[in-house]
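**Student:** My questions all concern the structure below.
Read the figures in this text as sums done on the coordinates, not as results from a lab. Small disclaimer: the values here were computed from a predicted structure and weren't measured. As a convention, Cβ positions derive from the backbone with ideal geometry for all residues, glycine included, and neighbour counts pool all protein chains shown.
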Amino acid sequence: MKSDDIKKMLGEEAATFVENGMTVGLGTGSTANYLLHALAARMDNGLDFTGVPTSAQTQKLAEQLGIKVIELNDAVDINLAIDGADEVSNELNLIKGGGGAMLKEKMVAYSAKRFVVMADETKLVRQLGKFPLPVEVVQFGWRKVKQHIEALGCRQVTLRVRNGNIFVSDEGHYIIDCHFDSITDPSELNEKIDSIPGVVETGLFLNMAESVLVGYNNGTTRMIKK
């Protein structure tokens, strides 16, 4: 199967987890887009739910598809959050943020009663770190933050640029991508980076995912739970 076919398969299966009356955190990214389309199709058959988007991009698509959305501030309870990931370790720890929305994604996932992740088999790793760790930082003094992260043993830290322009998150921040050879102690690294003034959030999602729905090239899926 092609990558997009696997993502579509994951989105369609994950959409079946949503039940009537739920408030659902809606992730960001290509796999999450397939989830939204699958949910919209289920709405044609009577599904009634409310979404909490994790980015302006997701909110725009949800509204185009006719999905009712509310802001996180207005959500009394989030029954379920569903999102993709850039890496998934054996412990179900994640690296997220390749799409630049990890701040809102983490806030919504943290507030949800359940957090389910969609990932194809290539995202499964024994140890996090092959994918560069995104870190969201305020624009003021970002170069100093970069130097502080490099001092932690990071091989390379790069400011994210897209289409020749500095990438700016929904909240007006920069994102720096941190290239570690491996992350042997995610909790310790997360704590050290979080303690640097100017850091808004890291792309390490630790002890948050309840389960991971994995899609395989042979057209099958498997649910991995803690």
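**Student:** Scan GLY51, GLY129, GLY99 and give me the residue that is under 21 Å from LYS8 (Cβ atoms) and not in a strand (DSSP E or B).
**Tutor:** Values: GLY51 fails: not in a strand (DSSP E or B); GLY129 fails: under 21 Å from LYS8 (Cβ atoms).
Result of the check over GLY51, GLY129, GLY99: GLY99.
**Student:** If you don't mind, another one. In this structure, is GLY203 more than 17 Å from the chain's Cα centre (by Cα) and either on the phi > 0 side of the Ramachandran plot or surrounded by 14 or more Cβ atoms within 10 Å (Cβ to Cβ) (or both)? Before the answer, list the steps.
**Tutor:** On the way: more than 17 Å from the chain's Cα centre (by Cα): no; either on the phi > 0 side of the Ramachandran plot or surrounded by 14 or more Cβ atoms within 10 Å (Cβ to Cβ) (or both): yes.
No.
**Student:** I need a count of the residues in region 104-145 that are surrounded by fewer than 21 Cβ atoms within 10 Å (Cβ to Cβ), of a type outside the set (Val, Ile, Thr) and under 21 Å from ASP170 (Cα atoms).
**Tutor:** 8
**Student:** Something else about it: So which residues in region 208-225 are surrounded by 11 or more Cβ atoms within 10 Å (Cβ to Cβ), in contact (Cβ under 8 Å) with a residue 60 or more places away in the chain and not in a strand (DSSP E or B)?
**Tutor:** Residues satisfying the conditions are MET208, ALA209, GLU210, TYR216, ASN217.
**Student:** Please go through region 151-166 and give me each residue that is touching a strand residue (DSSP E or B) at 6+ places or on another chain (Cβ under 6 Å) and of a type in the set (D, E, K, R), ordered by number. Steps first, please.
**Tutor:** Initially, region 151-166 is screened for residues touching a strand residue (DSSP E or B) at 6+ places or on another chain (Cβ under 6 Å), giving 154-160.
Correct list: ARG155, ARG160.
**Student:** Given the conditions (1) surrounded by 22 or more Cβ atoms within 10 Å (Cβ to Cβ); (2) closer than 28 Å to THR202 by Cα; (3) out of contact with any Gly (no Cβ under 6 Å at 6 or more places or on another chain), which single one is not true for LEU39?
**Tutor:** In the conditions (1) surrounded by 22 or more Cβ atoms within 10 Å (Cβ to Cβ); (2) closer than 28 Å to THR202 by Cα; (3) out of contact with any Gly (no Cβ under 6 Å at 6 or more places or on another chain), LEU39 misses (2) alone.
**Student:** What single numbered condition from (1) crowded, with 20+ Cβ neighbours inside 10 Å; (2) more than 20 Å from SER187 (Cα to Cα); (3) of a type outside the set (Asp, Glu) fails to hold for LEU94?
**Tutor:** (2)
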